[in-house]
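The values are calculated or read from the model by the stated rules, or taken from the named source; none is laboratory data. Everything numeric in this text was worked out from a predicted model, so none of it was measured. Note that each Cβ is placed from the backbone with ideal geometry, even for glycine, and that neighbours are counted across all protein chains shown. Keep in mind that these areas ignore ligands, DNA and RNA; they rest on the heavy atoms of the full protein, side chains included. Shrake-Rupley method; radii C 1.70, N 1.55, O 1.52, S 1.80 Å.
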Amino acid sequence: MLETRNLCKSFGPIQVTKGVNLKLEKGERRVILGPNGAGKTTLFNQLVGEITPNSGTIHLDGADVTALRVPDRARRGLSRSYQKNTLFDGLTIRENLGLAAAVAMGKGQGLWSDPLQTAEVRETVREVAAQVDLAPYLDARVDAVSYGIRRQLEVGIALATRPKVILMDEPTSA
């Protein structure tokens, strides 16, 4: 499902990832452990395409995606959550989930249309909210809910894109 082959990344003289070989099969769960500064986030950033490795390759579902940009990898089924919340605080939880679902479905491009009103997006929001226990909070603004609910929303947003692989960078961090 997700595989790296000899992945390396340096910033000047500092080698952050060196020869990383990782293989994740469908249905598997893996944990990447290490102290602060060990390169975990750098590895995630390479996997999703936010930074380019110096060498090595990244394969998703058998295809080499090393040269693809973040949106292209996301369309192929790679999603992530971040160490720090990256949410739309002024919107509701429903709207945050709906925007993620709409963009993933290709329904977020119309200037005059409201993709959150489509039945497919509404159903995805309902399903994901139930999965991550957010149904009671759907109409709450993100800036009005606890940090724990925000972390659940981060996972929900990743799930709303219907990914093949989800990378969660420190999902329990405070």
- Message: If you filter the stretch 13-64 for trypsin sites (Lys or Arg not before Pro), then keep DSSP loop positions with at most 11 other Cβ within 10 Å, what is left?
- Response: Lys26, Arg29, Arg30
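Would you compute, from DSSP H runs of 4+ residues alone, the mean residue ellipticity of the chain at 222 nm, taking -39500 (n - 2.57) per run and dividing by the full residue count, rounded to the nearest 500?
Values: 5 runs with 54 residues, N = 174.
The per-residue figure over the chain is -9500 deg cm²/dmol.
For a Förster distance of 25 Å, can you work out the FRET efficiency between the beta-carbons of Glu50 and Lys23, rounded to the nearest 0.05?
Numbers: r = 21 Å, r/R0 = 0.85.
Working from the Cβ atoms, E equals 0.70.
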- What nm value, rounded to one decimal, do you get for the distance between Ile32 and His59 when each label is placed 7 Å out toward the C-beta? 1.8 nm
- Message: Expected output is a single nm value to one decimal: the length gained when fully extending between Ala135 and Phe88, i.e. 0.36 nm times separation in residues minus the C-alpha distance. What is it?
- Response: 15.1 nm
- Considering the convex hull of the alpha carbon atoms of the stretch 30-90, report its projected area averaged over all viewing directions, in nm², one decimal. 5.5 nm²
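Considering every pair of different Cα atoms, what Kirkwood radius, in Å, is found for the stretch 1-110?
Details: mean 1/r = 0.0643 Å⁻¹.
Averaging 1/r across every pair of different Cα atoms and inverting gives 15.5 Å.
Hey, what's the stretch 1-92 come to in accessible area per residue, 1.4 Å probe, Å²?
Details: 5530 Å² over 92 residues.
Here the residues of the stretch 1-92 average 60 Å² of exposed surface.
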- Prolate/oblate/rounded call for the stretch 5-64, Cα gyration tensor, a/c under 1.5 rounded: oblate
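Report, in debye and to the nearest 20, how large the dipole of the chain comes out about its Cα centre when Lys and Arg carry +1 and Asp and Glu carry -1 on their Cβ.
480 debye
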- Ignoring ligands, DNA and RNA, what percent of the 1.4 Å accessible area of the chain is carbon and sulfur? 53 percent
- Task: List the GluC sites (Glu not before Pro) within the stretch 25-126 that fall in a DSSP loop (any state other than H, G, I, E or B) and whose Cβ has at most 12 other Cβ atoms within 10 Å.
- Result: Glu25, Glu28
